[in-house]
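Visitor: Dropping the structure in here first, questions after.
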Amino acid sequence: MRLILLGPPGAGKGTQAQRIQRKYDIVQLSTGDMLRAAKAAGTAIGREAAAYMDRGDLVPDDVVIGIIAERIEAPDCRNGFILDGFPRNEAQARALDDMLAERGLKLDVVIEIAVDEAVLLDRIETRRRESPDSVRPDDTAETLRTRLEVYHEQTAPLLPYYQSKGAFHRVDGMKSIDEVTEQIDEILSEISA
Ligand code: AMP
């Protein structure tokens with residue numbers, strides 16, 4: 001099974017992807033996690049990506065497309081994967097279409113985790129105040145604002161893009177983590193049945 005989780009920063013894509021990964025034995029491919037690992041390891045890619053990430057901007061398309069193209073070839077992806085944080089704009093979505101077509105693979109479903117962003121920002125503010133250590137370095141008020149803007153300008157247009165292709169579902173991301181998982185589970189169990 002191959003799927004994409006879409007939604008703004010803080011919607012809970014990573015948390016849900018980890019749960020799906022365990023339940024359906026498919027791998028979570030988070031470009032954000034991969035880029036953070038590259039940055040921490042000081043690789044050439046990590047050094048190139050760092051400035052963009054620290055500002056909350058998108059890392060250049062060729063970098064992330066290259067990472068995903070290589071990653072989906074790995075043996076652990078044979079059973080399927082969950083794309084978490086990729087694609088983030090139309091160029092990446094088209095590159096993904098090509099990549100899958102070349103390998104004779106198809107996307108089973110795209111799931112949007114829909115949230116109320118004002119509530120989300122409040123949550124992050126509370127977390128920042130109450131447990132500053134749990135907040136990611138790119139969750140400063142400034143970068144978060146940039147990441148949300150980037151989401152609206154570049155990533156949100158992917159919603160109609162995938163809607164028009166079919167196999168698109170929306171879940172209510174304002175529910176509890178468990179309830180969001182249940183909504184996703186319902187969609188996935190239908191597909192895998
Ligand atoms: P995330 O953990 O998905 O919020 O990603 C953290 C940061 O990594 C983003 O703010 C971007 O700078 C970068 N990043 C992650 N995925 C992508 C992507 N698909 N395209 C461009 N930049 C990305």
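The values are calculated or read from the model by the stated rules, or taken from the named source; none is laboratory data. Bear in mind the structure is a predicted one, so any value in this text is a computation, not a measurement. No Cβ is skipped: glycine too gets one built from the backbone with ideal geometry, and neighbour counts run over all protein chains shown. For the accessible areas, the whole protein counts, side chains as well, though only heavy atoms, and no ligand, DNA or RNA atoms are used. Shrake-Rupley method; radii C 1.70, N 1.55, O 1.52, S 1.80 Å.
Visitor: Taking the stretch 15-47 as the region of interest, how many residues are assigned to a helix (DSSP H, G or I) and surrounded by fewer than 17 Cβ atoms within 10 Å (Cβ to Cβ)? Walk me through how you get there before you give the answer.
Guide: Here is the first cut: in the stretch 15-47, the ones assigned to a helix (DSSP H, G or I) are 15-24, 31-41, 44-47.
Pick out the ones that are also surrounded by fewer than 17 Cβ atoms within 10 Å (Cβ to Cβ) and you get 15, 18, 22-23, 33, 37, 40-41, 44, 47.
Of the residues in that region, 10 qualify.
Visitor: Could you go through the stretch 13-22 and let me know if any residue there is near the ligand (Cβ under 10 Å from one of its atoms) and out of contact with any His (no Cβ under 9 Å at 6 or more places or on another chain).
Guide: Initially, the stretch 13-22 is screened for residues near the ligand (Cβ under 10 Å from one of its atoms), giving 13-14.
From what is left, the residues that are out of contact with any His (no Cβ under 9 Å at 6 or more places or on another chain) are 13-14.
Among the residues of the stretch 13-22, at least one is near the ligand (Cβ under 10 Å from one of its atoms) and out of contact with any His (no Cβ under 9 Å at 6 or more places or on another chain), which makes the answer yes.
Visitor: Look through Val63, Val59 and report the one residue that is within 11 Å of the ligand (Cβ to nearest atom), of a type outside the set (Ser, Thr, Tyr), part of a helix (DSSP H, G or I) and at pLDDT 95 or above. Let's see the steps before the verdict.
Guide: Details: Val59 fails: part of a helix (DSSP H, G or I).
Only one candidate qualifies: Val63.
Visitor: Let me ask something else. From the set of residues in the stretch 66-95 that are assigned to a helix (DSSP H, G or I) and touching a residue at least 60 places away in the same chain (Cβ under 8 Å), which is least open to solvent (accessible area, probe 1.4 Å)? Let's see the steps before the verdict.
Guide: Initially, the stretch 66-95 is screened for residues assigned to a helix (DSSP H, G or I), giving 66-71, 75-77, 90-95.
Keeping just the survivors that are touching a residue at least 60 places away in the same chain (Cβ under 8 Å) gives 90, 93.
Working: Glu90: 87, Ala93: 0 Å².
Among those that are assigned to a helix (DSSP H, G or I) and touching a residue at least 60 places away in the same chain (Cβ under 8 Å), it is Ala93.
Visitor: Okay, next question. Looking at the stretch 173-193, which of the residues that are within 14 Å of Lys13 (Cβ to Cβ) and of a type outside the set (Val, Ile, Thr) is surrounded by the fewest Cβ atoms within 10 Å (Cβ to Cβ)?
Guide: To start, the set of residues in the stretch 173-193 that are within 14 Å of Lys13 (Cβ to Cβ) comprises 173, 177, 180-181, 183-184.
Now restrict to residues that are of a type outside the set (Val, Ile, Thr): 173, 183.
Values: Gly173: 23, Gln183: 18.
Selected residue: Gln183.
Visitor: From Leu121, Leu100, Leu159, Leu107, which residue is outside any helix (DSSP H, G or I) and surrounded by 11 or more Cβ atoms within 10 Å (Cβ to Cβ)? Even if it seems obvious, please write down each step before you answer.
Guide: Values: Leu121 fails: outside any helix (DSSP H, G or I); Leu100 fails: outside any helix (DSSP H, G or I); Leu159 fails: outside any helix (DSSP H, G or I).
The conditions single out Leu107.
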